[in-house]
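Input: one structure, supplied below.
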Amino acid sequence: MASPETFSSPIVTSAGVSDVDAMRRQFDALTRQQTAVLAFGRRANDHPCRMVLIQDAVALLAEILGAELGVAGELVGGGQKVLLKVATVDKRGRSVDLLEQTLPCEEKESLAAYVLTNAESVLCEDLNRESRFTDHFLRRLGVVAGLVVPLHLCRHPIGLLGVFCKRRRMFSEDDIRFAETLACLVCSSLDREEAERMLRQQQRFSGTTMRLVDELMFVTDNRGRILDMSHAAIRYSGFTLESVRGESLVSTMIAPESTESFDALLHRLARQGGAQQYAADLLTKHGERRKLDWMVETSFDEQQRVESFVLVAKEIHQENEALPGSNYPKPYAQQTVDTPAFEAEPGQRQPEIRPFEPIDGNNGREMRRSPRRSFCYQQQIAPMYGGIIPSRKKFFSVVCCDISAGGVSFYLENTPEFEDLVVSLGQVPDLTYFTARVVRTAEKIVDGQPCCLVGCRFTGRVHF
């Protein structure tokens, strides 16, 4: 059996006790720093404004390092000046007695300018012996030692944070790392805020573009799944964006005989990039087939990988025919109307024309002398009674069916009770107004619902 001496406790000398106390203090300091970093990370998730976030980091840094003063700096004046906010930090970590000062951002003039110019952390043990810069502002405040680290956003300096002491002090490597850790957290939070702001801005711009563009435009991911559609494409196809978002463009809208080759085209562009023109029929929500000429462009991410496709389509027409996908419906509004040359103002009476002659059923004779074109867009009309031109307040929206130089047809829930009307074609602010007369009505079933297809003949122009 082992002797009792084998299990005796070691004798701890006074030097050993000192080492243990030092390790305990170091451990406590690291624990406090880790707790502070966690608390600051939670604070950053609340999305405070830039300067508030920086000042919170300064107060926390001063509290943990036991410094008398904290400083937050921000570049102003187009980067020519730096705005310093120096505050005393009390025992509770609160900033009091805030003092602001704007200094020129010249390397030799101040510690702040030196930090921002060189983009590196600066440790100053004794300001009076400093040769890199002369900072009269800090000397007037009685600052002797300091630790300051820069802040960057998108690789450009935007400000700084740090602490000052009114006595000589040797900051440790752990102190420097802790200060730089807080600075990194601040910069990461600001980077995220800037990225989110730019994303929101891009989304607003993209949404506005998709509303205003007259082309049939589709945006898909690199696998051909629909991300966005222009309003013209929504009206033309009959699909709402919500109903097809995330669905394959090829399987949803491309005619069956072209799906395989179209899908192969997208796969090839996803690997190689570039652009490609392609002709393929589109099937609308109502099963109508439209001959389209497609232009497919690739969009790349930061690693130059294909991120998405932008597809622009135009309807294939016979030679010299206007394309409804381009500046619709101006080509129709600008054509010569097959009616008497009459122009009226709101409130003015229109001359008498031939009486209302409805034609029931679907087999009535063709009453337009110019070719019909599909026109699946939402426009506005207003009934006209007694030949008096209605005001703009009387207009309401209808979905059109087709159009020609001589007239237009649209859908109503019921057979119209009016004979004359004013038709508004185009988009704000480029609207063109025509007077028209109902010459045909026919009962239709659209999306399983009964409605009335109303055919009108243009009779003149109206200027509002």
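The values are calculated or read from the model by the stated rules, or taken from the named source; none is laboratory data. All figures in this text were calculated on a predicted structure; none of them were measured in a lab. FYI the Cβ positions are ideal-geometry reconstructions off the backbone, even for glycines, and counts take in every protein chain you see. Accessible surface areas use protein heavy atoms only, side chains included; no ligands, DNA or RNA. Shrake-Rupley method; radii C 1.70, N 1.55, O 1.52, S 1.80 Å.
Short version: what are the Cα gyration tensor semi-axes of segment 178-254, square root of 5 times each eigenvalue, largest first, in whole Å? Walk me through the numbers on the way to the answer.
Working: eigenvalues 278, 44, 12 Å².
Here the semi-axes work out to 37, 15, 8 Å.
Residue by residue, what Karplus-based ³J(HN,Hα) values in Hz, rounded to whole numbers, does segment 427-437 have, using 6.51, -1.76 and 1.60 with θ = phi - 60° and x for Gly and Pro?
Karplus values, whole Hz, x for Gly and Pro: 10, 4, x, 8, 10, 10, 10, 10, 7, 8, 10.
Against the 2.2 N^0.38 Å scaling, with N counting residues, where does segment 203-295 land? I'd like the Cα-based Rg ratio to two decimal places. Before the final figure, lay out each step's value.
Numbers: Rg = 12.8 Å, N = 93, 2.2 N^0.38 = 12.3 Å.
Its radius of gyration relative to the 2.2 N^0.38 Å reference: 1.04.
Note the full-extension length gain between T117 and T208 as 0.36 nm times their separation in residues minus their Cα-Cα distance, in nm to one decimal.
Details: separation 91, 0.36 × 91 = 32.76 nm, distance 4.04 nm.
Full extension from T117 to T208 adds 28.7 nm.
For L227, what is the net charge nearby, where nearby means another residue's Cβ is under 9 Å from its Cβ and Lys, Arg count +1, Asp, Glu -1?
Working: positive: R225, R245; negative: D221, D228.
Surrounding charge for L227 is 0.
Using the heavy atoms of the protein chains alone and a 1.4 angstrom probe, what is the accessible area of segment 146-258 per residue in square angstrom? Please list the in-between numbers first.
Values: 5580 Å² over 113 residues.
Per residue, segment 146-258 has an accessible area of 49 Å².
If you don't mind, there's one more thing I want to ask. Cross-link list K108/K166; K314/K393; K291/K393; K85/K108; K394/K444: which exceed 30 angstrom alpha carbon to alpha carbon? Show your work: numbers first, answer last.
Details: K108/K166 22 Å; K314/K393 34 Å; K291/K393 38 Å; K85/K108 20 Å; K394/K444 26 Å.
Exceeds cut-off: K314/K393; K291/K393.
Could you tell me what percent of the accessible area of segment 75-162 is made up of carbon and sulfur, with a 1.4 Å probe and every protein chain present?
46 percent
Given segment 48-182 reduced to its alpha-carbon atoms as identical point scatterers, what log10 I(q)/I(0) does the Debye formula return at q = 0.10, 0.13, 0.16 Å⁻¹?
The Cα Debye sum returns log10 ratios of -0.27, -0.46, -0.73.
Kindly sort R268, R305 by accessible area of their heavy atoms, largest first, with the probe set to 1.4 Å.
Details: R268 85, R305 140 Å².
Largest to smallest exposure gives the sequence R305, R268.
Kindly report the accessible area of segment 365-464 per residue (heavy atoms of protein chains, probe 1.4 Å, no ligands, DNA or RNA), in Å².
Values: 4670 Å² over 100 residues.
Normalised by residue count, the accessible surface of segment 365-464 is 47 Å².
Oh, and also: As a test of the definition: which semi-axes, in Å, follow for segment 405-464 when you take the square root of five times each eigenvalue of its alpha carbon gyration tensor? Largest first, please. Intermediate values should be presented prior to the final figure.
Numbers: eigenvalues 107, 38, 16 Å².
For segment 405-464, the ellipsoid semi-axes come out as 23, 14, 9 Å.
Please say if segment 136-285 is rounded, prolate or oblate, where rounded means a/c under 1.5 for a ≥ b ≥ c the square roots of the C-alpha gyration tensor eigenvalues, and otherwise the choice is prolate for a/b larger than b/c and oblate otherwise?
Details: a/c = 4.99, a/b = 3.35, b/c = 1.49.
Judged from the Cα gyration tensor, segment 136-285 comes out prolate (a/c at least 1.5, a/b above b/c).
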